[in-house]
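Here's the structure we're looking at; comments come further down.
The values are calculated or read from the model by the stated rules, or taken from the named source; none is laboratory data. These numbers were taken from a predicted model, which means no experiment stands behind them. Note that each Cβ is placed from the backbone with ideal geometry, even for glycine, and that neighbours are counted across all protein chains shown.
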Amino acid sequence: MRDSQKPDLFDIESLLTEDERQVRDTVGRFVDDRVLPVIGECFEKESFPMDLVPEMAELGLFGPTFEDYGCAGLNNVCYGLIMQELERGDSGVRSFASVQSGLCMYPIHAYGTDEQKQQWLPEMAKGRKIGCFGLTEPDGGSDPGTMKTTAKKDGGDWIINGAKMWITNGSIADIAIVWASTDDGVRGFLVEKGMSGYTTRDIPHKFSLRASITSELFFDNVRVPDSNRLPGAKGLGGPLGCLTQARYGIAWGGIGAAMACYQEALEFCRERVLFGEALINKQHMQIRLAEMLRRITTGQLLSLQLGRLKDAGTMHHTQVSLAKWNNVRVGMDVARDARDILGAGGISIECCPIRHMLNLESVITYEGTETIHQLIVGRELTGVAAF
Ligand code: TGC
Ligand code: FAD
C-alpha cells in the first residue's frame, strides 16, 4: 500500500473507483519523488519550485475537470484527490494548482467568450501561461462587495484603477483575473502582463506559505479592451462562484496536510525510546494519535461525500464552506499536535509538521476566513446574514 493511501481506517479506498485510485497514486508518486525532496529548501528560501510546473501540466493537473481545451476531463473526486496529494506535499504547491485551475481557468471557462477560451485555456493547461486572481484589497478581504478598484467605460475600452493585495502568483502571472466595481456592479477583466499602468510587487518575509509567491497588484489607469471583459460574470456571484471551486479543493487539501503530519508523528513514536520503551506504548501518545485519526477520518469522509455531490451536480456552496472550515481546522490541529509530539526536532524544517502548521495559518485565512465560513453556515441555518 502506498503511503499516500494511509491512514484509511474506514476503508475509504473501497469507495473510490479504479480511475480515482490511479489518479491519486500518480499524483502521490509525483509528490513523493519530486515535491518532498525540494520543498523544505524552497520554504526556507521563500521560493516556488517553478521547474515543477511543466511536470504538473504533463500530469494534467491544471483545469483537470474540463473536457476540452487539452484538459484531462476528470471527475471532481479525482480533482479533490489531486489537491489532497499536492497539499500532502505542501500548501504552496496546492495553492499554485488551485489558483491556476479554480480561480483562473474556471472563470475563463465559465464566464469567458470563445476567443478568450481559445486564447488562454490550452496554454494554461500546458502550464505555459500562468494566472492569478485579484479580489482581495488592502482595506479588507472578507467583504469584497465593498471593493474600491473601479473599471470605467471609455469608448470601447475600460479604465481600471485601484490595487489588490495578497495575490498568489501575482508577479509571475501572465494573466490576472481582476474584479472591479463598475456602474453596473462587479465585473471581471483579463488584465495581461505588460499592459500599461499595471505593476506588481511581491510581499516578502511571510512566515507562512513561503514556497508560494504572494504579491500586490497596482492598476494606474490601465486601459483594457472590452474584449478582455468576462461577459458571463455579473455581480459578486462571479468571483464567489470561482471561490466555491477553490474552496472545494482546499477542503481536500487540508486533509492531505493532516495525513502527512500524522504519519510523521506515528513513525516518530515507533522509533523514539523514552523511559525504557517506544513512545507508541504510552497511553497518552496512543490517545493523541487516535485523536488525529478521528479528525482525519471524518475529514476524509466529508471530502468524499462533497465530491460525490459535486459530481452529481447537487453540491451547495454552504456545504463547501463547512468542509473548508472543518478540514483546514483538522489540518491545523493535527499539524500542531504532531509538531509537539516530535519534541525539539519538530521545530526543524527537516520535519514536515511545522511547515504544514505555518502554511495552514494562511489556508485558514484565505478563501474566506474560518469566521466567514462559520457565518455562512450560520446564515444557512437561521436565514439571518450576521456578517
Ligand atoms: P451575498 O449576498 O452572500 O452573495 C452575492 C451573490 O453571490 C452569490 N453567492 C455565491 N455564488 C457562488 N458561490 C458562492 N460561494 C456564493 N456565495 C454567494 C449569492 O447567491 C448572490 O447572488 P445574487 O445573484 O443573489 O446576487 O454576498 P455578501 O456581500 O453578503 O458576502 C457574503 C460573504 C461574506 C460570504 C462573501 O463576501 C465572502 O465569501 N467573503 C469572503 C471573501 C473571500 O473568500 N475571499 C477570497 C479571495 S481569493 C483567495 O483567497 C485566494 S487564495 C488562493 C490560494 O493561494 O489558494
Ligand atoms: P479581514 O477581512 O480584514 O478580516 C480580519 C479579521 O476579521 C479576520 O479574523 C476575520 O475572520 C474577521 N472578520 C471578518 N468579518 C467578520 C465578521 N463579520 N464578524 C467577525 N469577525 C469578522 N486574495 C485574493 O484575492 N487572491 C489571492 O490569490 C489570494 N492569495 C492569498 C495568499 C495568502 C498567503 C494569503 C494570506 C491571503 C491571500 N488572499 C488572496 C487574501 C485572502 O483571501 C484574505 O486575506 C482573506 O479573505 C481575509 O481578508 P483580510 O486578510 O483582509 O482580513
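Here is how the numbers come out for the structure above:
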{"item": "Residues located in the range 31-51, provided they are among the hydrophobic types (A, V, I, L, M, F, W, C) and under 24 Å from Val334 (Cα atoms)", "result": "Val31, Val35, Leu36, Val38, Ile39, Cys42, Phe43"}
{"item": "Pairs, first of a type in the set (D, E, K, R) in the range 74-86, second at pLDDT 95 or above and in a helix (DSSP H, G or I), C-beta under 7 Å, six or more apart", "result": "Glu85/Arg24; Glu85/Val27; Glu85/Gly28; Glu85/Val31; Glu85/Gly256"}
{"item": "Residues that are acidic (Asp, Glu) and under 12 Å from Lys234 (Cα atoms), drawn from the range 173-211", "result": "Asp183, Asp184"}
{"item": "Residues of the range 9-62 satisfying the condition of being β-branched (Val, Ile, Thr) and either touching a strand residue (DSSP E or B) at 6+ places or on another chain (Cβ under 7 Å) or not in a helix (DSSP H, G or I) (or both)", "result": "Thr17"}
{"item": "Qualifying residue in the range 169-186 (condition: in a loop (DSSP other than H, G, I, E, B) and more than 24 Å from Ser98 (Cα to Cα))", "result": "yes"}
{"item": "Test: residue in the range 111-129 that is within 16 Å of ligand 2 (Cβ to nearest atom), touching a Phe, Trp or Tyr at 6+ places or on another chain (Cβ under 9 Å) and more than 25 Å from Gly331 (Cα to Cα)", "result": "yes"}
{"item": "Extreme residue, nearest to ligand 1 (Cβ to nearest atom), among residues of the range 346-378 that are without any contact (Cβ under 8 Å) to a residue 12 or more places away in the chain and not polar (S, T, N, Q)", "result": "Gly378"}
{"item": "Unique match (being of a type in the set (Phe, Trp, Tyr) and either under 20 Å from Val320 (Cα atoms) or over 17 Å from the mean Cα position of the chain (by Cα) (or both)) among Phe48, Phe62, Phe30", "result": "Phe30"}
{"item": "Set Pro49, Pro107, Pro64: member being outside the structural domain of Arg355 (by TED's automatic domain parsing), touching a Cys at 6+ places or on another chain (Cβ under 8 Å), within 16 Å of ligand 1 (Cβ to nearest atom) and within 23 Å of Gln263 (Cβ to Cβ)", "result": "Pro49"}
{"item": "Residue identified as more than 11 Å from ligand 1 (Cβ to nearest atom), touching a residue at least 60 places away in the same chain (Cβ under 8 Å) and either in contact with a Gly (Cβ under 7 Å, 6 or more places away or on another chain) or within 26 Å of Ser362 (Cβ to Cβ) (or both) among Leu217, Leu209, Leu135", "result": "Leu217"}
{"item": "Top-ranked residue of the range 173-192 - restricted to ones that are of a type in the set (A, V, I, L, M, F, W, C) and within 13 Å of ligand 1 (Cβ to nearest atom), ranked as farthest from Lys206 (Cα to Cα)", "result": "Val186"}
{"item": "Candidate set: the range 183-202, residues that are surrounded by fewer than 15 Cβ atoms within 10 Å (Cβ to Cβ) and not hydroxyl-bearing (Ser, Thr, Tyr); chosen: the one farthest from Gly156 (Cα to Cα)", "result": "Asp202"}
{"item": "Complete set of residues in the range 304-331 that are crowded, with 23+ Cβ neighbours inside 10 Å and closer than 20 Å to Leu375 by Cα", "result": "Leu306, Val320, Ser321, Ala323, Lys324, Trp325, Asn327, Val328, Val330"}
{"item": "Residue identified as outside any loop (DSSP other than H, G, I, E, B), closer than 30 Å to Asp340 by Cβ and touching a strand residue (DSSP E or B) at 6+ places or on another chain (Cβ under 9 Å) among Cys261, Cys269, Cys242", "result": "Cys269"}
{"item": "Criterion: among the hydrophobic types (A, V, I, L, M, F, W, C), in a helix (DSSP H, G or I), under 24 Å from Ser98 (Cα atoms) and modelled with pLDDT of 95 or more - qualifying residue of Leu322, Leu381", "result": "Leu322"}
